[in-house]
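Asker: Handing you a structure now.
What follows draws every value from the coordinates through simple rules; no lab data is involved. No experiment lies behind these values; they were computed from the predicted model shown. Virtual Cβ from ideal backbone geometry, glycine too; neighbours counted across all protein chains shown.
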Amino acid sequence: MNDIRTNYEKWYEGDSYYWGKEPAAFCDELAALCPPDKSKKVLDIGCGEGKDAVYMARLGYDVTAFDLTENGVRKTLKLAEMQGVQLNAFVDDINTFRLNENFDIVYSTGTIQYLFDENKAGFFDKVRRLTKTGGLAFFNVFVEKPFLDLPPDWDKEEKMWKSGELFSFLADWKFRRIDEVIFEDNSNGMPHYHCMDTVICEKMND
Ligand SMILES: C[S@@+](CC[C@H](N)C(=O)[O-])C[C@H]1O[C@@H](n2cnc3c(N)ncnc32)[C@H](O)[C@@H]1O
């Protein structure tokens with residue numbers, strides 16, 4: 001088992017939720033663009049302990065979610081049960097997963113930095129195939145800046161992306177929002193800065 005699998009399995013072991021249970025604001029942003037109902041399908045790639053996947057199920061989407069960690073998936077299913085919703089969650093790897101479904105929203109936050117370089121182009125081809133025409137994709141990724149140090153809890157399997165690299169993989173989608181922001185983070189009790197690229201885009205055609 002490699003280090004990153006070990007780290008997240010360990011961080012997710014206990015009863016408390018490492019990332020909390022509050023959903024990211026992006027979920028409401030997506031819901032405003034693609035109003036939820038049971039016929040709308042969402043895929044959450046790298047769902048962690050499920051805070052966003054479960055929230056989207058609560059909003060009314062039909063949600064599928066996966067993460068590399070068994071503890072993350074177990075806690076995603078537990079959170080769904082506690083909040084009275086159902087979703088499909090399983091262990092899988094962003095580098096190798098296969099799905100034969102189409103989704104209205106393909107969503108991934110804080111995870112694509114675990115894509116191996118050689119898998120990036122194939123991953124975005126897969127995202128294109130998995131997204132319905134007119135459907136949305138949401139991604140964010142940490143990008144390198146010469147004036148920012150690596151975060152203190154950065155894992156050796158995580159890879160900083162280049163500024164704008166994420167947007168280039170989605171260049172023929174319609175951008176609904178793109179931005180690059182620098183923000184302060186206090187994870188692990190050590191204040192530090194990240195630079196993050198974010199995109200919400202719409203698939204125009206096959
Ligand atoms: C920063 S966390 C974000 C979790 C979740 N999206 C959230 O916002 O709460 C990154 C997640 O990526 C998952 N991860 C790391 N490598 C992965 C891989 N190769 N395939 C799938 N998930 C992976 C980790 O287990 C972890 O849950």
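Asker: Kirkwood Rh, region 121-196, all Cα pairs: how many Å?
Answerer: About 14.3 Å for region 121-196.
Asker: Also: Show the residues, 5+ positions off or on another chain, whose built amide H is closer than 5 Å to the amide H of Gly135.
Answerer: Close amide H contacts, sequence-distant or interchain: Lys203.
Asker: Okay, moving on. What distance in nm separates the simple spin-label points at Phe116 and Asp153, each placed 7 Å from Cα in the Cβ direction?
Answerer: 2.7 nm
Asker: Among Phe97, Phe167, Phe139, which one moves the most in a GNM of the chain with springs linking Cα atoms closer than 10 Å?
Answerer: Phe97
Asker: Pick out which of Tyr114, Tyr193, Tyr61 has the largest mean-square fluctuation in a Gaussian network model of the chain, springs linking Cα atoms closer than 10 Å.
Answerer: Tyr193
Asker: For region 97-113, take each phi angle, set θ = phi - 60°, evaluate the Karplus expression 6.51 cos²θ - 1.76 cosθ + 1.60, and give the result in whole Hz per residue in order, putting x for glycine and proline.
Answerer: These are the phi-based 3J(HN,Hα) values: 4, 9, 9, 10, 9, 10, 10, 7, 9, 10, 10, 7, 10, x, 10, 6, 5 Hz.
Asker: Nearest 0.05, what FRET efficiency do Ser168 and Lys38 give at R0 = 35 Å with Cβ-Cβ as r?
Answerer: Details: r = 35 Å, r/R0 = 1.00.
That gives a FRET efficiency of 0.50.
Asker: Next up: Along the three principal axes, how long is the chain when you take its alpha carbons, biggest first, rounded to the nearest angstrom?
Answerer: Dimensions of the chain along the principal axes of its Cα atoms: 43, 40, 30 Å.
Asker: Per the Kirkwood formula on distinct C-alpha pairs, the Rh of region 1-98 is how many angstrom? Don't skip to the answer; put the middle values down first.
Answerer: Working: mean 1/r = 0.0739 Å⁻¹.
By the Kirkwood definition, the hydrodynamic radius is 13.5 Å.
Asker: Within the chain, what percent of beta bridges assigned by DSSP are antiparallel, to the nearest 5? Mind showing how you got there, number by number?
Answerer: Details: 18 of 36 bridges.
The antiparallel fraction comes to roughly 50 percent.
Asker: Before rounding to the nearest 500, sum -39500 (n - 2.57) across all DSSP H runs of length at least 4 in the chain and divide by the residue total; then give [θ] at 222 nm in deg cm²/dmol. Display every interim value, and only then the final one.
Answerer: Working: 6 runs with 55 residues, N = 206.
Estimated from H runs of four or more residues: -7500 deg cm²/dmol.
Asker: For a quick check of your reading of the filter: which GluC sites (Glu not before Pro) in region 1-65 sit in a DSSP loop and have no more than 15 other Cβ atoms within 10 Å? Write down the numbers at each step before the final one.
Answerer: Details: sites: Glu9, Glu13, Glu29, Glu49; in loops: Glu13, Glu49.
Taking region 1-65 and a limit of 15 other Cβ atoms within 10 Å, the loop GluC sites (Glu not before Pro) found are Glu13.
Asker: Something else about it: Taking the chain as a Gaussian network, Cα atoms linked when under 10 Å apart, which of Glu157, Glu118, Glu144 shows the biggest mean-square fluctuation?
Answerer: Glu118
Asker: What are the ³J(HN,Hα) couplings of region 132-142, residue after residue, when phi is run through the Karplus curve with 6.51, -1.76, 1.60 and θ = phi - 60°? Round to Hz, x for glycine and proline.
Answerer: 5, 4, x, x, 10, 10, 10, 9, 9, 7, 6
Asker: Taking Rh as the Kirkwood radius computed over C-alpha pairs, what is the Stokes-Einstein D of region 153-206 at 25 °C in a medium of viscosity 0.890 mPa s, expressed in µm² per second?
Answerer: Numbers: Rh = 13.2 Å.
Diffusion coefficient, whole number: 187 µm²/s.
Asker: Sort Thr198, Thr64 so that the residue with the fewest other Cβ atoms within 10 Å of its own Cβ comes first and the one with the most comes last. Intermediate results must be reported in sequence, preceding the final value.
Answerer: Numbers: Thr198 18, Thr64 22.
By the 10 Å Cβ count, ascending, the order reads Thr198, Thr64.
Asker: Continuing with the same structure: Once you mark the trypsin sites (Lys or Arg not before Pro) that are in a DSSP loop and have at most 10 other Cβ atoms within 10 Å, what is the longest gap between them in the chain? Intermediate results must be reported in sequence, preceding the final value.
Answerer: On the way: sites that count: Lys38, Arg98, Lys156.
The reported range is 39-97.
Asker: Rank Asn100, Thr198, Trp11 by how far each Cα sits towards the positive end of the charge dipole of the chain (+1 on Lys, Arg Cβ; -1 on Asp, Glu Cβ) and give me just the farthest.
Answerer: Final value for the positive-end residue is Asn100.
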